[in-house]
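Below is one structure, written out as structure tokens; comments come after it.
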Number of protein chains: 2
Amino acid sequence: MTEMFATPQSMHFADPLPLQSGASLRDYSLSFETYGTLNAGKTNAVLICHALNASHHVAGVYAGQDKSEGWWDNMIGPGKALDTDQFFVIGVNNLGSCFGSTGPMHTNPDTGRVYGADFPVVTVEDWVNAQARLLDALGIETLAAVMGGSLGGMQALSWTLQYPSRVRHAVVVASAPNLTAENIAFNEVARRAIVTDPDFHGGHFYEHGTIPKRGLRIARMIGHITYLSDDVMNEKFGRQLIAATQEGAPREYFYSTLEAEFQIESYLRYQGDKFAEYFDANTYLLITRALDYFDPARTYGADLSHALARATCKFLLVSFTTDWRFSPKRSREIVKALLDNKRDVSYAEIDAPHGHDAFLLDDARYMSVVSSYFDSVAKEVTP
Amino acid sequence: MTEMFATPQSMHFADPLPLQSGASLRDYSLSFETYGTLNAGKTNAVLICHALNASHHVAGVYAGQDKSEGWWDNMIGPGKALDTDQFFVIGVNNLGSCFGSTGPMHTNPDTGRVYGADFPVVTVEDWVNAQARLLDALGIETLAAVMGGSLGGMQALSWTLQYPSRVRHAVVVASAPNLTAENIAFNEVARRAIVTDPDFHGGHFYEHGTIPKRGLRIARMIGHITYLSDDVMNEKFGRQLIAATQEGAPREYFYSTLEAEFQIESYLRYQGDKFAEYFDANTYLLITRALDYFDPARTYGADLSHALARATCKFLLVSFTTDWRFSPKRSREIVKALLDNKRDVSYAEIDAPHGHDAFLLDDARYMSVVSSYFDSVAKEVTP
């Protein structure tokens with residue numbers, strides 16, 4: 001397969017963005033990338049929304065950089081399930097992120113001080129509004145599709161409610177109509193780990209020259225457990241010891257509470273360490289809070305069917321059997337609410353062992369479902 | 001029902017206790033309580049093994065102290081499922097605990113310094129050996145039954161393997177033959193939260209006049225999530241906001257990443273705060289490690305049936321349908337391994353919504369299963 005090269009771009013917006021909280025961002029920039037070519041009728045644009053720790057770098061590679069594939073490069077590219085030979089695909093980094101778009105480590109124009117903890121709380125709805133302005137600037141009125149997994153799926157769903165006339169299709173993968181108490185609980189523990197790290201300094205750690213790495217590590221370790229299934233963890237790690245001999249009797253335990261003893265421990269420590277090197281603590285707080293707050297049925301008396309009545313586009317929902325973070329049950333709630341409104345919905349429940357992470361991984365049936373769906377979208381939008 | 005009063009006792013052991021790790025405890029004390037009366041034949045003793053944050057105070061109340069019920073007081077007492085009018089019940093606090101038995105906050109007789117992180121790693125097997133010495137001292141050769149839930153169930157199971165001739169019955173509730181990778185993962189995150197708290201000081205925080213409360217809080221919050229079921233969390237907390245109005249439209253969000261917004265958040269914070277006030281950080285590390293290490297099949301090529309061949313007593317296994325920490329599947333593994341050895345096994349899978357916590361709660365069927373079982377044990381041991 002030919003390599004596709006990606007080039008990050010940035011667009012500045014001088015008009016203030018009013019936020020759901022009542023606050024506003026005076027001005028801001030969005031980082032984005034595009035792949036493929038916008039057709040003359042501007043009918044083949046597909047917007048990709050990202051989840052927790054991802055970015056606008058959705059597909060392709062950066063020239064001269066090894067292992068620089070975008071986070072959904074297995075899904076998106078020339079000849080892939082979402083075919084960039086047919087579609088003009090846009091990846092955009094969300095406000096509050098630490099990967100280019102205006103976020104907590106940038107300067108607050110109102111104070112001349114780095115935002116830090118003063119960066120306003122942003123919601124899924126705010127992100128969608130910012131994304132809509134990017135589309136305006138790109139001259140795109142209507143999306144052939146909006147697509148996302150997990151928190152990205154929530155944005156895709158919200159697009160269909162906030163801008164129903166601007167979306168023809170929504171592809172919502174491994175997502176949920178809101179978080180359960182358990183989901184919120186895991187987010188909260190991660191946030192408390194960060195916030196109570198003495199290096200956090202109330203979110204103004206940049207000024208102190210510190211990084212709350214201890215908290216970030218714990219947050220990532222917790223996250224990782226919830227992204228994987230019990231089964232895949234047992235298969236991948238089980239009770240295997242680190243530095244275990246390959247033959248004969250099992251080695252003696254180290255009998256230590258501090259040293260890693262089991263492979264799952266060193267795996268989680270490694271993931272935590274890596275994450276703490278590149279991810280911003282305030283961004284982590286903001287993004288988990290956006291997850292907590294998302295709940296389109298909230299102002300409709302918790303009636304999801306009522307809430308989704310505004311959506312008019314066609315839908316593809318995908319879930320994964322071993323995903324216990326956003327289980328198939330949660331996707332089915334969305335499917336049911338859309339069907340209650342007599343919307344056109346396709347739904348695939350993929351039997352995959354990888355838990356929530358499955359939405360980022362290769363799975364023949366998953367890829368084929370998405371590929372077929374976009375084949376039919378392509379037929380609709382070809383000029 | 002008449003109140004039963006409990007009196008904590010302590011026994012000192014001057015003989016060194018060799019530990020599985022190769023280390024040994026030069027001398028040590030065990031805190032314990034007893035309820036009911038040992039019969040003349042000394043045939044009616046039941047040993048209760050405790051789980052993570054519990055103690056020897058299993059049943060009854062302390063005279064003059066409100067809300068001082070033992071942690072399994074709903075199960076054990078006069079006329080209760082485990083009837084102290086018929087049985088002589090012993091609760092014992094494990095080595096390494098922070099509730100009376102020799103542990104990390106006591107002085108190491110070899111150095112004159114508080115043990116702290118130098119307290120040796122103790123295992124389920126070590127605890128059972130220490131418990132056996134307590135029984136020796138009490139003049140009890142054979143237990144009518146050994147009983148425990150969760151980690152306590154592991155001790156009960158280990159009794160049947162280490163001292164098969166000293167146990168007539170084992171009651172193993174909400175337990176598992178070992179931890180899964182996911183179980184270990186949760187323990188490890190909790191330990192890292194404690195160990196990386198700057199107030200931990202490598203486990204010698206007593207000397208620094210600090211307590212790693214931040215880490216303990218996080219550890220407890222994580223633990224709590226795993227003790228509850230998703231369903232019961234949704235039923236109890238759902239997405240309810242704190243300080244929510246009782247009628248009309250839902251209140252506005254606070255739009256804060258630092259303030260508690262949802263009831264599940266303030267619940268977890270409260271649980272974490274409370275725990276950090278009374279629990280010892282080194283004890284937490286030791287006890288979670290004992291959980292990780294327990295694996296009777298390990299030296300039998302991971303063949304549980306082979307490992308359990310040593311057990312000769314009769315068994316009652318109980319599990320709870322919504323327990324995702326130690327799911328019914330794990331209890332069934334033990335049941336199968338015992339049946340492979342043609343042992344006498346009763347097994348009850350209780351349909352309860354409360355997750356792992358169910359083993360501590362009242363449930364009519366659960367209590368009735370245990371009660372019936374002990375009725376038949378009573379008939380066997382009555383002199």
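The values are calculated or read from the model by the stated rules, or taken from the named source; none is laboratory data. Quick caveat: nothing in here was measured; it's all calculated off a predicted structure. When we count neighbours, we look across all protein chains shown, and the Cβ atoms used for this are built from the backbone with ideal geometry, even at glycine. We work out accessible area using only protein heavy atoms, side chains counted, and drop any ligands, DNA or RNA first. Shrake-Rupley method; radii C 1.70, N 1.55, O 1.52, S 1.80 Å.
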Could you say whether any residue in the range B:80-91 is assigned to a loop (DSSP other than H, G, I, E, B), out of contact with any helix residue (DSSP H, G or I) (no Cβ under 9 Å at 6 or more places or on another chain) and either under 16 Å from residue B:131 (Cα atoms) or open to solvent by 20 Å² or more (accessible area, probe 1.4 Å) (or both)?
yes
Which residues, taken from the range A:156-203, are away from every other protein chain (no Cβ under 12 Å) and surrounded by 24 or more Cβ atoms within 10 Å (Cβ to Cβ)?
A:156, A:157, A:158, A:159, A:160, A:169, A:170, A:171, A:172, A:173, A:174, A:175
Residue within the range A:291-306 that is touching a Leu at 6+ places or on another chain (Cβ under 6 Å) and of a type in the set (Gly, Ala, Ser) present
yes
So which helices (runs of 4 or more DSSP H) are wholly in the range A:265-353 and hold at least 2 residues that are touching a residue at least 40 places away in the same chain (Cβ under 8 Å), within 21 Å of the chain's Cα centre (by Cα) and closer than 19 Å to residue A:54 by Cβ?
A:281-293
Being among the aliphatic types (A, V, I, L, M), within 10 Å of another protein chain (Cβ to nearest Cβ) and crowded, with 21+ Cβ neighbours inside 10 Å: is that true of residue B:316 here?
no
By my count, strands (runs of 3 or more DSSP E) wholly in the range A:1-76 with at least 1 residues that are β-branched (Val, Ile, Thr) are A:28-35, A:45-49
Right, residue B:250: open to solvent by less than 20 Å² (accessible area, probe 1.4 Å) and outside any helix (DSSP H, G or I) or not?
no
Considering the range B:253-292 alone, what residues qualify as being within 10 Å of chain A (Cβ to nearest Cβ), among the aromatic types (Phe, Trp, Tyr) and surrounded by fewer than 22 Cβ atoms within 10 Å (Cβ to Cβ)?
B:253, B:254, B:255, B:267
Of the conditions (1) within 11 Å of chain B (Cβ to nearest Cβ); (2) touching a helix residue (DSSP H, G or I) at 6+ places or on another chain (Cβ under 8 Å); (3) open to solvent by 10 Å² or more (accessible area, probe 1.4 Å), the single one that residue A:302 does not satisfy is (2)
